[in-house]
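So the structure is just underneath, and the comments pick up after that.
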Amino acid sequence: MQVIFFMIGISLVLALGFLSAFFWAMRHGQNDDLYTPSIRMLLDDTDPAEPPPDSPTPKPRNAQTFIP
Amino acid sequence: MHFRPAKREFYENFENMNTATVTKLTCYHCGSDCPPHPILLNDKAFCCDGCKTVYEVLNDSRLCRYYEITPNPGQTPRLARLEFLDHPDIISQLTGFSDDTQTHVTFYVPAIHCSSCLYLLEHLYRIAPSILQSRVDFLKKNVHIRFRQTDISLRQVAELMTSLGYEPLISLNDVVEEQNRPTYKPLLYKLAVAGFCAGNIMLFSFPEYLGLDDPSFRRLFLYLNLMLATPVVFYSGWGYFESVWAALRRKMINIDLPILLGILTAYFRGMYEVVTDTGAGYFDSVTGLIFFLLIGKWFQQRTYDFLSFERDYKSYFPLAATLIGGKTETPVPIASLKKGDRIRIRNQELIPADGILYKGQGLIDYSFVTGESEPESRKPGALLYAGGKQVGEAIELEVVRSVSHSYLSQLWNNDAFRKDEGGRKWSDRIRTFADVVGKYFTLSVLALALVAGTYWYVTEPSKAVNVFTAILIVACPCVLSLSYPFALGNGMRLLSRLKLYLKNADVIEKMAACDTIVFDKTGTLTSSATAQPVETFAVPLNEMELSLVASLVRHSAHPLSRKVAGYLYDAMILPVDNFTEVPGQGIKGLVYDQFVKIGSREFVHPSPGKTLDTEGSAVHVSIDHVYRGCFRFPNQYRAGITGVLSSLKKSHSLYLLSGDNEAARADLKRWFPNDGQMVFECHPQEKLDFVRSLQANGRRVLMVGDGLNDAGALRQADAGIAVTDDTIQFTPASDGILEAGSLSRLPDMLRYSRFGMKLIRFSFCISLIYNFVGVSYAITGNLSPIVAAILMPLSSTTMVLIATLGMRWKGRKLFPENRD
């Protein structure tokens, strides 16, 4: 049963680890804005290399070949 | 050229008669109605060049997803004067972190409203690569920007945002408020510590509940409990020490005193029992209690960030003024304006300091200060007071008093505006239920504990201390501190869904306590924003003449011109020659070879000594030098006002204050029948004094006003609610902001707030029953830790449930449209 002393120590250390993780998160502003990230994640980051969707230039030729 | 809607669209509109019967082409960028000749680009219509330019910029930077996320998300870009952002003093005040490679700045951008805004503002780096990163805080409408100051200046960053329609609002507020911004963090730290310790203590207390006999474990667990309880009491519970100390210094007893007493007694008794090995203490109960109480506090503190009540009049003040020195103009910070400086005020700019007008025609809109809706005309030589807004041409002033001494700061520095300072909290006027009860509750618990302790001291001295402390622990009125935040917090959430945004939950109690309501008239009961112009012509204009007017007003950006243009939207549009706009007076031009003049009476057709005194504003018209009449914009009563006033009349005494003349007295006689219930031609200071005199007569006053010209009265009142058409722009320092559309629900809202207070009293009675059970254990000396550990959380959860469910039930009953 002496192992209980050891296990209590472990459990307290674990719990303290979580507490300090929370403190770390707070200090790094993880709780500052709880709303914006929920919108941000829905926005796809389109690749700037793509041709602009509204480009006035005509589409490349080979794009036409797939149209029956 | 007229754009006709497609057939299907037409029928849809026909079915849905709420919308306009004729669909007009809307701008692809900003969604506003296009003029008859829209600007076309890539098959998209734009209402103006500004919108088209933004589209071109976004298209070039491949950011057109902006338009896919939300339809018509844009804002028409406006021109803004941002030269002052080149001033080194201002740059250093505005920017946060700065080193050799980058500078950080946070802008407040009121235009942020949808996910497209977020998308665009976070992709600024594609338009200007020198912007390293931009992050949006959606609810606070803030944008944090990091940029390379060697490649792009602060002014250029702000100008880029302005050119995209996201003008940063830079005001005195950004500089002053920076230091003392309230933060939610300390409470969450305390909550985390309390939760961590309370959870572990509960775990370590289990052996005690189950009757573990092994003495070595027992002692280990008890010492661990003591160790864990210490930070909970002295760190997490520190707020109670402060609050009780503050109350005692003012020779008052508040509700926190019995709580603190209970906490400390439980802690020290537990410590004594652990050290002497005579018992297990009540660590689990006391830490659990603190944890619960902090959750309640946290719930109370969570207010809605998107309405920043911290922005006060300073956010209306510009940061800089244009100083004229010789032939050059330099922007200088307002704080460094000195007597004798010459400054230039342009159209729509606020006068930052009292000054003498020496050049230009002043047409000053003092609605901000006095509530007068008509701009006042001033000739050179006149003294102009700070706070007025110039409408019309640019004027030049010589400053006679620096900013801090001017009239406006005096008004705002009035005592009523500093309720929270000087140790005397303004809420003292209305003694909260919690504080009243707290006093008697504390005294009776102390008396009871003393009597019981004395009794046991006589009969069985060993039990005396035990009983005395047990009563203090178990009789702790934590329930009251829990039902308050939960009932009012839930109430506040519901009210905010009904578009009444409160500063904090306590305002509900103040609203419930008020027996007198003071209304402001203009802008509160009435509104000219929705009014349709009324044609007042000796001979009605024919269709041809109406199109002459419509063609001319389309060229002007003045709000009244816009309204007339909207009113005559179906008139035929003719080309206009020689268009001239005289700022603050009117417009003129040749339409179809006829000379048309539209504007103020003096401008259109001066006729000395014959001024019509009417309410509201009017736009006069003359065609070919013949005066025809005017379009009138009457101040219309807001929808539902009749119901609101008749309903409130039964429960409250009503008063009306107005900055306007007496024209409306007859209309309002129905609801304000007695003498002295209506006061006209009131200045802001008089409004404030009126509220104060009501309070001196023992009234508890709810002030419903429209904003800054009655800001003093709003603040002085026990509860001040600002009615506004635009919650984004308008955030005066009141206790609550009510969207004008919801004004008709005000009586129900007041009823709801009263129900909330009744519910709290009801919970208090329930908690007394729990206390009775607990004290009866304690008084007989039988309060075992396990009984306390069951009884105290049980009563806490009951309180939370009653408060939450009760407020939701009543909310659904009163506001059935608001089901979630």
**OP:** Please order B:284, B:667, B:43, B:256 by the number of other Cβ within 10 Å, starting at the fewest.
**Re:** B:43, B:667, B:256, B:284
Original post:
Along the Cα-to-C-beta direction of residue B:99, a point sits 7 Å from the Cα; which residues of segment B:130-164 have their amide N less than 16 Å from that point?
Top reply: B:132-133, B:146-150
Original post:
Given the C-alpha centroids of segment B:191-244 and segment B:91-132, what is the distance between them in whole angstrom?
Top reply: 47 Å
**OP:** Lys and Arg at +1, Asp and Glu at -1: add these up for the other residues within a Cβ distance under 9 Å of residue B:102 and post the number.
**Re:** 0
Subject >> Average beta-carbon neighbours from other chains, 10 Å sphere, peptide A:33-42 >> reply: 5
**OP:** Please report B:567, B:55 as a ranked list, fewest other C-beta atoms within 10 angstrom at the top and most at the bottom.
**Re:** B:567, B:55
Original post:
Using modelled amide H (1.01 Å from N, peptide plane; none on Pro or chain starts), what sits under 5 Å from the amide H of residue B:720, excluding residues fewer than 5 places away?
Top reply: B:703, B:735, B:736
Subject >> Paramagnetic reach from residue A:38 in segment B:101-115 [backbone N under 16 Å; point 7 Å along Cα→Cβ] >> reply: B:114-115
Original post:
Using a basic spin-label model with each label point 7 Å from the Cα along Cα→Cβ, how many nm lie between residue A:5 and residue B:758?
Top reply: 6.2 nm
Subject >> Calculated FRET value between residue B:245 and residue B:539, using beta carbons and R₀ = 56 Å, to 0.05 >> reply: 0.10
**OP:** Fewest Cβ neighbours within 10 Å first, please rank B:671, B:238 accordingly.
**Re:** B:238, B:671
Original post:
On average, how many beta carbons from a partner chain sit within 10 Å of the beta carbon of a residue in B:59-68?
Top reply: 4
Original post:
Can you flag which of B:297/B:499; B:359/B:588; B:339/B:379; B:297/B:650; B:510/B:810; B:339/B:687 are past 28 Å Cα-Cα?
Top reply: B:297/B:650; B:339/B:687
Original post:
Under the classification rounded if a/c is under 1.5, otherwise prolate if a/b is larger than b/c and oblate if not, where does segment B:83-176 fall, given a ≥ b ≥ c as square roots of the Cα gyration tensor eigenvalues?
Top reply: oblate
Original post:
Expressed as a rounded percentage, what relative contact order does segment B:83-176 have, with Cα pairs under 8 Å and six or more residues apart?
Top reply: 32 percent
Subject >> Cα centre as origin, Lys/Arg/Asp/Glu Cβ charges: segment B:731-820 dipole, Debye >> reply: 300 debye
**OP:** Between beta-carbons, use under 9 Å as the cut-off and find the net charge around residue B:277, counting Lys and Arg +1, Asp and Glu -1.
**Re:** +1
Original post:
What does the highest-first list of B:89-102, B:152-165 look like by mean Cβ count within 10 Å?
Top reply: B:152-165, B:89-102
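Quick note: the coordinates plus some simple rules give every number you see, no bench work behind them. Worth saying up front: this structure is predicted, and the values here are computed from it rather than measured. Neighbour counts are summed over all protein chains in view; Cβ atoms, including those assigned to glycine, are modelled from backbone coordinates with ideal geometry.
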